[in-house]
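Worksheet: one structure, shown below.
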Amino acid sequence: MSLSTPPNGALKAESKGLSFFYGNVQALNAISLGLPDRHATALIGPSGCGKTTYLRCLNRMHDLYPGNRYEGELLLYPDGINLVAAEIDPIEIRMRIGMVFQRPNPFPKSIYENVAYGLRIRGGMKRTDLDHAVERALRDAALWPEVQDRLHDQALNLSGGQQQRLCIARALATRPEILLFDEPTSALDPTATARIEELVTDLKQKVTIVIVTHNMQQAARVSDYTAFMYEGRLIECDRTDRIFTNPSNKLTEEYVTGRFG
Ligand SMILES: Nc1ncnc2c1ncn2[C@@H]1O[C@H](COP(=O)(O)OP(=O)(O)OP(=O)(O)O)[C@@H](O)[C@H]1O
């Protein structure tokens with residue numbers, strides 16, 4: 001059986017017939033997919049199949065460019081709001097749904113100011129509360145012990161792996177409900193990669209995770225569910241162990257066994 005919604009408890013978000021267009025180019029075709037609450041879902045598939053496009057729908061990153069268009073629904077639970085509805089404020093959504101990119105991209109500011117950034121935009125926090133929130137986010141991102149004595153140093157002086165954990169802390173500071181990772185380790189060495197994978201595994205106790213990866217082993221290590229996409233469509237989504245050992249669809253099997261892509 002091919003599943004678009006994994007057979008378990010609560011969903012944190014769910015797309016229903018979600019399509020996406022870059023101007024005249026249709027990149028997603030009627031994707032219906034459930035994202036289980038406080039679990040990690042990996043998006044896999046060959047280059048150009050729409051993984052990043054799907055991820056970016058979730059925090060309305062596409063709104064930054066003119067001519068882009070959504071169709072269908074992308075519901076956030078428990079409220080049930082449609083994230084891609086025109087009346088939804090993308091800035092507020094990006095506080096609730098954080099994103100970590102392929103390359104670490106700290107702002108050219110201090111470590112402290114990077115983490116405090118979203119909280120300052122949101123406003124209304126006393127300095128001591130801000131300090132606590134920054135510390136909490138850095139602890140959650142497993143970076144605190146390395147930076148606690150140099151919070152006001154330039155973030156760009158950190159190593160690549162530390163910068164990526166700082167970006168995770170920046171995303172965590174606003175206490176998001178979902179954290180999106182777009183190939184978060186592709187620019188990192190194996191040691192830094194292992195630390196990020198450990199972190200993702202820890203974080204999913206608290207926050208729903210969606211991760212795009214080209215690395216099958218990584219998907220198998222960190223995710224509970226895996227969705228296989230092909231040419232803008234969802235082919236199947238199931239428990240990660242099933243996708244890698246006994247997928248329902250022939251195309252999925254060919255992809256995970258390395259026969260194409
Ligand atoms: N800004 C854009 N304008 C027009 N078409 C785009 C744009 N960005 C992506 N596309 C197209 O949309 C489709 C999906 O691209 P997307 O980047 O989501 O795929 P992907 O699965 O993430 O690929 P990769 O694994 O290479 O990152 C591709 O055909 C791509 O060429």
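Coordinate-derived values only; no laboratory data. These figures come from a predicted structure and were not determined experimentally. Cβ atoms come from the backbone with ideal geometry, glycine included; neighbour counts cover every protein chain shown.
Some observations on this one:
- The set of residues in region 67-80 being surrounded by fewer than 13 Cβ atoms within 10 Å (Cβ to Cβ) and under 14 Å from Ile93 (Cβ atoms) consists of Asp79 alone.
- Scope region 69-90; condition in a strand (DSSP E or B) and either in contact with a helix residue (DSSP H, G or I) (Cβ under 7 Å, 6 or more places away or on another chain) or in contact (Cβ under 8 Å) with a residue 60 or more places away in the chain (or both); matching residues: Tyr70, Leu74, Leu75, Leu76
- Checked against the criterion of being in contact with a His (Cβ under 8 Å, 6 or more places away or on another chain), within 16 Å of the ligand (Cβ to nearest atom) and among the charged types (D, E, K, R), the candidates Arg56, Arg69 yield just one match: Arg56.
- When residues in region 109-138 are screened for being within 19 Å of Asp149 (Cα to Cα) and surrounded by fewer than 13 Cβ atoms within 10 Å (Cβ to Cβ), 4 of them pass.
- Among the candidates Leu180, Leu203, residue that is out of contact with any Ser or Thr (no Cβ under 6 Å at 6 or more places or on another chain), surrounded by 17 or more Cβ atoms within 10 Å (Cβ to Cβ), under 24 Å from Tyr255 (Cα atoms) and touching a residue at least 12 places away in the same chain (Cβ under 8 Å): Leu180
- For region 118-175, a residue qualifies if it is at negative phi and among the small types (Gly, Ala, Ser), and the qualifying residues are Gly118, Ala133, Ala137, Ala141, Ala155, Ser159, Gly160, Gly161, Ala169, Ala171, Ala173.
- Only a single item in (1) within 11 Å of the ligand (Cβ to nearest atom); (2) over 26 Å from Gly123 (Cα atoms) is not met by Ser19, and it is number (1).
- Spans of strands (runs of 3 or more DSSP E) in region 168-261 with at least 2 residues within 15 Å of the ligand (Cβ to nearest atom) and within 13 Å of the chain's Cα centre (by Cα): 178-182, 208-212
- Whenever a residue of region 22-50 is under 15 Å from Gly72 (Cβ atoms) and among the aliphatic types (A, V, I, L, M), its partners that are within 15 Å of the ligand (Cβ to nearest atom) and in a loop (DSSP other than H, G, I, E, B), lying with C-beta atoms within less than 6 angstrom and at least six residues away or across chains, give the pairs Ala27/Gly50; Ala27/Gly232; Leu28/Gly50; Leu28/Gly232.
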